[in-house]
Amino acid sequence: MSNEWCSRYFIFKDMDFDFWKGDRVQLRAMKESDALLRNEETRDSNGFRLMNWGVEAPKSLEMDKADVAEWIDYKDFEKGIMFAIDNLKGEHVGAIYLNSIDMKNGTFSFGIRIYRPFRNNGYAQEAIRIVLRYAFFEQRLQKCNSGCIEGNLASQKMHENVGFVVEGSVRRSIYMNGHYYNDLKLGLTVEEFVENEKAYSDSK
C-alpha cells in the first residue's frame, strides 16, 4: 500500500520539481567552505552536548576542513551521506547525516544540526523529510531508528512531527554534565511516514 501511494503521490503531485528542494531549505553536497561555519559552531557547547552526548574538545579549522573533506562527493554510501543544508536565500544553515545504513534489514538513522543563527525557522523538519523521502522512496529502506536524551523535549517533538513513535527508553546509559540520562528510542516505518507525509501535504 505504501509504495503504491508514494508512487502516485510523487508522480502526480508535481511533474516538475527539485527533489532536494523544499519550501524552506535545499540539500546539496558538502564543500570545503562549509568547514568555516562548522568550526564556529563548535563553541555551542550545549548544542554539541545534546547531539553528541558530551562536550567536545575545541577543534581547529584545519581539523574541521579534514572532517568535511571526508564527506565531499558522497564517497561511501554505506558509511553514510552528509548533506549540507542551505535556506532558499543560499545561506548555509546546517547539515544532515544519513547513517547506520543496513541494506540487509532496510534500517537506517540520521543526525541533524541547524546552526544557532538559523534555528526556529522550520529548517530541521523540512531537511529531515527530504532525507526520509530519499531513504524510503529511493533507497527502498523500510525503517528509521533514532533517539535522543530523555527530557530533550524539542528533539522528541521534532521526531514526532515527522511521524516517529517512542519505542522505549534505555535507563542511565548516557553520562554527561555530571549526570546519568536515559536514552529515548524512537522509530519510524515507511508506512507511518507515508501517512504522516499525506497529513503534512494536506495541511499545507
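The values are calculated or read from the model by the stated rules, or taken from the named source; none is laboratory data. As the structure is a computational prediction, the values presented were derived from the model and not from experiment. Quick reminder, even Gly has a Cβ in these numbers, built from the backbone with ideal geometry, and neighbours come from all protein chains shown. Surface accessibility is based on the protein's heavy atoms, side chains included, excluding ligands, DNA and RNA. Shrake-Rupley method; radii C 1.70, N 1.55, O 1.52, S 1.80 Å.
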Under the Karplus relation with 6.51, -1.76 and 1.60 and θ = phi - 60°, whole-Hz ³J(HN,Hα) for the range 29-37, x at Gly and Pro, equal 5, 5, 9, 4, 5, 5, 5, 5, 5
Residues whose built amide H sits under 5 Å from the amide H of Met176, excluding neighbours closer than 5 in sequence, are Tyr181
Expected vector for the range 58-65, Karplus 3J(HN,Hα) from phi with 6.51, -1.76, 1.60 and θ = phi - 60°, integer Hz, x for Gly and Pro, equals x, 10, 7, 4, 5, 5, 5, 4
Reported to the nearest 10 Å², Asp18 has, with a 1.4 Å probe, an accessible area equal to 80
If the chain between Gln139 and Lys89 were fully extended at 0.36 nm per residue, the gain over the current Cα-Cα distance would be 15.1 nm
As straight-line cross-link partners of Lys21, the qualifying aspartates and glutamates (C-alpha separation under 20 Å, not fewer than 8 residues apart within one chain) are Asp34, Asp73, Asp86, Glu91, Glu126, Glu138, Glu197, Asp202
In whole Hz, the Karplus estimates of ³J(HN,Hα) for the range 87-102 (6.51, -1.76, 1.60; θ = phi - 60°; x where Gly or Pro) are 7, 6, 8, x, 7, 6, 10, x, 8, 9, 10, 8, 9, 6, 7, 10
With T = 4 °C, eta = 1.567 mPa s and Kirkwood Rh from C-alpha pairs, the Stokes-Einstein D of the range 79-180 in µm²/s is about 87
In nm, the gap between the two label points placed 7 Å beyond Cα toward Cβ at His179 and Val165 is 3.0
In Å², rounded to a whole number, the accessible area per residue of the range 123-178 with probe 1.4 Å is 49
With a 26 Å threshold on alpha-carbon distance, the violating pairs from Lys31/Lys89; Lys31/Lys59; Lys104/Lys185; Lys59/Lys104; Lys31/Lys157 are Lys59/Lys104; Lys31/Lys157
Largest-first ranking of Asp23, Asp34 by accessible area, probe 1.4 Å, whole protein assembly kept, is Asp23, Asp34
